[in-house]
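The values are calculated or read from the model by the stated rules, or taken from the named source; none is laboratory data. Remember, predicted model here, so these are calculated numbers, not experimental data. Please note: Cβ atoms are built from the backbone with ideal geometry, for glycine as well, and neighbour counts cover all protein chains shown. For accessibility, only protein heavy atoms count, side chains too; no ligands or nucleic acids. Shrake-Rupley method; radii C 1.70, N 1.55, O 1.52, S 1.80 Å.
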Amino acid sequence: MAVQPSGILELLKENNLFESELVLTRNEFLKVAGTVDTNIYFIAEGSLRIYIVQEEEQIIRFGYQNDLIVALDSFLTEQPSEFYIQAIKKTVVKIISKKTFFDFINKEKNNLKLWNSILENLVLQQMEREKDLLISSVNERYSRVLKRSPRLFQEIPHKYIANYLRMTPETLSRLKKS
(Lines give C-alpha, C1' and ligand atoms only; values in the text may rest on other atoms or scores of the structure.)
Protein backbone atom coordinates (compact mmCIF):
# COMPACT_ATOMS: atom_id res chain seq x y z
CA MET A 1 0.00 0.00 0.00
CA ALA A 2 1.22 3.51 -0.70
CA VAL A 3 0.58 6.52 1.49
CA GLN A 4 1.55 10.22 1.60
CA PRO A 5 0.88 11.59 5.10
CA SER A 6 2.16 15.13 5.42
CA GLY A 7 5.40 15.65 7.25
CA ILE A 8 6.33 12.00 7.46
CA LEU A 9 9.52 12.29 5.40
CA GLU A 10 10.86 15.03 7.64
CA LEU A 11 10.07 13.02 10.76
CA LEU A 12 11.71 9.86 9.38
CA LYS A 13 14.80 11.84 8.32
CA GLU A 14 15.02 13.73 11.63
CA ASN A 15 14.98 10.47 13.53
CA ASN A 16 17.42 8.78 11.17
CA LEU A 17 15.18 5.74 10.70
CA PHE A 18 16.40 4.82 7.22
CA GLU A 19 18.62 1.77 7.63
CA SER A 20 19.61 1.25 4.01
CA GLU A 21 18.87 2.22 0.43
CA LEU A 22 18.05 0.05 -2.56
CA VAL A 23 18.18 0.97 -6.24
CA LEU A 24 15.80 -0.98 -8.45
CA THR A 25 16.10 -1.06 -12.22
CA ARG A 26 13.04 -0.89 -14.46
CA ASN A 27 10.84 -3.99 -13.97
CA GLU A 28 12.90 -5.24 -11.01
CA PHE A 29 10.89 -6.61 -8.08
CA LEU A 30 10.99 -5.13 -4.61
CA LYS A 31 8.75 -7.95 -3.40
CA VAL A 32 7.29 -11.09 -4.98
CA ALA A 33 4.18 -13.05 -4.03
CA GLY A 34 4.68 -15.86 -1.55
CA THR A 35 7.34 -14.02 0.45
CA VAL A 36 7.31 -12.31 3.82
CA ASP A 37 8.32 -8.65 3.87
CA THR A 38 8.39 -6.69 7.11
CA ASN A 39 10.00 -3.51 5.80
CA ILE A 40 8.52 -0.12 5.07
CA TYR A 41 9.93 1.60 2.00
CA PHE A 42 10.16 5.30 1.30
CA ILE A 43 10.32 6.08 -2.42
CA ALA A 44 13.08 8.65 -2.84
CA GLU A 45 12.80 8.58 -6.63
CA GLY A 46 10.95 6.59 -9.29
CA SER A 47 7.68 4.67 -9.20
CA LEU A 48 6.37 1.24 -8.27
CA ARG A 49 3.24 -0.76 -8.87
CA ILE A 50 1.58 -3.22 -6.50
CA TYR A 51 -0.36 -6.02 -8.12
CA ILE A 52 -1.69 -9.53 -7.73
CA VAL A 53 -1.89 -12.24 -10.33
CA GLN A 54 -5.13 -14.12 -10.80
CA GLU A 55 -5.82 -15.10 -14.39
CA GLU A 56 -3.87 -11.96 -15.26
CA GLU A 57 -2.11 -9.13 -13.46
CA GLN A 58 -4.43 -6.80 -11.55
CA ILE A 59 -2.79 -3.56 -10.39
CA ILE A 60 -4.18 -2.39 -7.09
CA ARG A 61 -1.97 0.56 -6.22
CA PHE A 62 0.93 2.74 -7.32
CA GLY A 63 3.64 4.50 -5.38
CA TYR A 64 5.89 7.31 -6.53
CA GLN A 65 8.36 9.83 -5.16
CA ASN A 66 7.74 10.76 -1.51
CA ASP A 67 5.31 7.87 -0.91
CA LEU A 68 5.67 5.15 1.66
CA ILE A 69 5.02 1.72 0.25
CA VAL A 70 4.57 -1.56 2.07
CA ALA A 71 3.07 -5.02 1.62
CA LEU A 72 0.83 -4.21 4.58
CA ASP A 73 -0.60 -7.71 4.98
CA SER A 74 2.86 -9.25 5.32
CA PHE A 75 4.21 -6.32 7.36
CA LEU A 76 1.46 -6.69 9.97
CA THR A 77 1.12 -10.49 10.10
CA GLU A 78 4.67 -11.58 9.19
CA GLN A 79 3.08 -14.09 6.82
CA PRO A 80 3.62 -14.47 3.05
CA SER A 81 1.78 -11.96 0.89
CA GLU A 82 0.10 -12.41 -2.49
CA PHE A 83 1.34 -9.00 -3.63
CA TYR A 84 4.09 -8.19 -6.07
CA ILE A 85 5.81 -4.81 -5.85
CA GLN A 86 7.68 -3.93 -9.03
CA ALA A 87 9.62 -0.91 -10.26
CA ILE A 88 8.02 0.82 -13.25
CA LYS A 89 11.23 2.75 -13.88
CA LYS A 90 14.53 3.14 -12.06
CA THR A 91 13.51 3.58 -8.45
CA VAL A 92 15.40 4.38 -5.26
CA VAL A 93 13.84 3.27 -1.97
CA LYS A 94 14.98 3.89 1.56
CA ILE A 95 14.30 1.00 3.91
CA ILE A 96 13.03 0.93 7.50
CA SER A 97 12.60 -2.41 9.28
CA LYS A 98 9.45 -3.21 11.23
CA LYS A 99 11.41 -3.37 14.49
CA THR A 100 13.02 0.04 13.94
CA PHE A 101 9.70 1.56 12.88
CA PHE A 102 7.75 0.19 15.86
CA ASP A 103 10.51 1.12 18.32
CA PHE A 104 10.10 4.67 16.96
CA ILE A 105 6.27 4.53 17.01
CA ASN A 106 6.18 3.34 20.61
CA LYS A 107 8.71 5.92 21.85
CA GLU A 108 6.33 8.92 21.91
CA LYS A 109 2.62 9.62 21.79
CA ASN A 110 3.04 11.84 18.68
CA ASN A 111 4.77 8.97 16.86
CA LEU A 112 1.81 6.72 17.61
CA LYS A 113 -0.45 9.44 16.22
CA LEU A 114 1.67 9.37 13.05
CA TRP A 115 1.13 5.60 12.69
CA ASN A 116 -2.60 6.05 13.23
CA SER A 117 -2.59 8.77 10.57
CA ILE A 118 -0.82 6.44 8.13
CA LEU A 119 -3.34 3.66 8.79
CA GLU A 120 -6.32 6.03 8.52
CA ASN A 121 -5.00 7.32 5.21
CA LEU A 122 -4.62 3.76 3.91
CA VAL A 123 -8.17 2.84 4.97
CA LEU A 124 -9.59 5.93 3.24
CA GLN A 125 -7.56 5.21 0.08
CA GLN A 126 -8.80 1.63 0.08
CA MET A 127 -12.42 2.76 0.45
CA GLU A 128 -12.01 5.11 -2.53
CA ARG A 129 -10.42 2.30 -4.54
CA GLU A 130 -13.29 -0.06 -3.74
CA LYS A 131 -15.81 2.59 -4.82
CA ASP A 132 -13.89 3.04 -8.08
CA LEU A 133 -14.09 -0.69 -8.81
CA LEU A 134 -17.84 -0.77 -8.16
CA ILE A 135 -18.55 2.02 -10.63
CA SER A 136 -19.50 0.49 -13.95
CA SER A 137 -19.07 3.63 -16.06
CA VAL A 138 -15.51 3.89 -17.39
CA ASN A 139 -16.02 7.66 -17.76
CA GLU A 140 -16.87 8.09 -14.10
CA ARG A 141 -14.06 5.76 -12.97
CA TYR A 142 -11.56 7.74 -15.04
CA SER A 143 -12.90 11.11 -13.79
CA ARG A 144 -12.76 10.07 -10.13
CA VAL A 145 -9.17 8.88 -10.35
CA LEU A 146 -8.08 11.90 -12.40
CA LYS A 147 -9.61 14.25 -9.84
CA ARG A 148 -8.19 12.37 -6.87
CA SER A 149 -4.72 11.63 -8.29
CA PRO A 150 -3.80 13.90 -11.22
CA ARG A 151 -0.11 13.16 -10.59
CA LEU A 152 -0.77 9.51 -11.46
CA PHE A 153 -1.29 10.49 -15.10
CA GLN A 154 2.08 12.27 -15.16
CA GLU A 155 4.11 9.56 -13.40
CA ILE A 156 2.69 6.23 -14.57
CA PRO A 157 2.56 4.75 -18.09
CA HIS A 158 -0.95 4.57 -19.53
CA LYS A 159 -0.94 0.79 -19.95
CA TYR A 160 -0.63 0.44 -16.17
CA ILE A 161 -3.27 3.09 -15.46
CA ALA A 162 -5.65 1.29 -17.83
CA ASN A 163 -5.11 -1.97 -15.94
CA TYR A 164 -5.66 -0.18 -12.63
CA LEU A 165 -8.91 1.31 -13.96
CA ARG A 166 -9.96 -2.10 -15.37
CA MET A 167 -10.19 -0.90 -18.97
CA THR A 168 -8.23 -1.32 -22.17
CA PRO A 169 -5.46 1.13 -23.05
CA GLU A 170 -7.56 2.12 -26.10
CA THR A 171 -10.51 3.05 -23.87
CA LEU A 172 -8.24 5.10 -21.64
CA SER A 173 -6.80 6.88 -24.66
CA ARG A 174 -10.30 7.70 -25.90
CA LEU A 175 -11.33 9.04 -22.50
CA LYS A 176 -8.24 11.25 -22.30
CA LYS A 177 -8.99 12.75 -25.73
CA SER A 178 -12.62 13.56 -24.89
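Distances between placed amide hydrogens fall under 5 Å for K31 paired with I85, all partners being 5 or more residues away or on another chain.
Taking only protein heavy atoms and a 1.4 Å probe, what accessible area per residue, in Å², does the chain have with all protein chains in place? Please list the in-between numbers first.
Details: 9600 Å² over 178 residues.
Here the residues of the chain average 54 Å² of exposed surface.
Sorted on the mean count of surrounding Cβ atoms within 10 Å across their residues, most packed first, peptides 95-102, 123-130 read 95-102, 123-130. With a Förster radius of 22 Å applied to the C-beta separation of Q126 and I95, the computed FRET efficiency comes to 0.40.
Rounded to the nearest 20 debye, the dipole size of the chain about its Cα centre is 680 debye, using +1 on the Cβ of Lys and Arg and -1 on the Cβ of Asp and Glu.
Normalised radius of gyration for segment 1-98, please: alpha carbon Rg relative to 2.2 N^0.38 Å, two decimal places. Please list the in-between numbers first.
Working: Rg = 12.8 Å, N = 98, 2.2 N^0.38 = 12.6 Å.
For segment 1-98, the normalised Cα radius of gyration is 1.02.
By accessible area, using a 1.4 Å probe on protein heavy atoms only, the chain has 50% of its surface on carbon and sulfur.
Across segment 137-153, coupling constants 3J(HN,Hα) worked out from phi with the 6.51/-1.76/1.60 Karplus curve, θ = phi - 60°, read 6, 5, 4, 5, 4, 4, 4, 4, 5, 4, 5, 6, 9, x, 4, 3, 6 Hz, and Gly and Pro carry x. Fully extending the segment from N16 to N106 would add 30.8 nm, taking 0.36 nm per residue of separation and subtracting the current Cα-Cα distance. For segment 36-178, the relative contact order is 23 percent, taking Cα pairs closer than 8 Å that sit 6 or more residues apart in sequence and dividing their mean separation by the residue count.
For R61, nonlocal amide neighbours, meaning residues 5 or more places apart or on other chains whose placed amide H falls under 5 Å from its own, are I50. Note that segment 172-178 has calculated 3J(HN,Hα) couplings of 4, 4, 4, 5, 5, 6, 8 Hz, one per residue in order, obtained from phi through the Karplus relation 6.51 cos²θ - 1.76 cosθ + 1.60 (θ = phi - 60°); glycine and proline are x.
Amide H to amide H distances under 5 Å link E82 with G34, where only residues 5 or more positions off or on other chains count and H is placed in the peptide plane.
The HN-Hα couplings worked out from phi for segment 50-61 by the Karplus form 6.51 cos²θ - 1.76 cosθ + 1.60 (θ = phi - 60°) are 10, 8, 10, 10, 10, 6, 8, 5, 10, 6, 10, 6 Hz, whole numbers, x standing for Gly and Pro.
Please state the shape class of segment 121-164: rounded when a/c is under 1.5, otherwise prolate if a/b exceeds b/c and oblate if not, all from the C-alpha gyration tensor. Write out the running numbers ahead of the final one.
Details: a/c = 1.76, a/b = 1.19, b/c = 1.47.
It comes out oblate by the Cα gyration axes.
The value obtained for the chain, namely the Cα convex hull volume divided by the number of residues, is 115 Å³ per residue.
Would you work out if segment 104-178 is rounded, prolate or oblate? Take a ≥ b ≥ c from the square roots of the eigenvalues of the alpha-carbon gyration tensor; rounded if a/c is under 1.5, else prolate when a/b is larger than b/c, oblate otherwise.
Prolate.
Using the Cα gyration tensor of segment 7-63, with a ≥ b ≥ c the square roots of its eigenvalues, what is the shape: rounded (a/c below 1.5), prolate (a/b larger than b/c) or oblate (neither)? Prolate shape, in that a/c is at least 1.5 and a/b is the bigger ratio.
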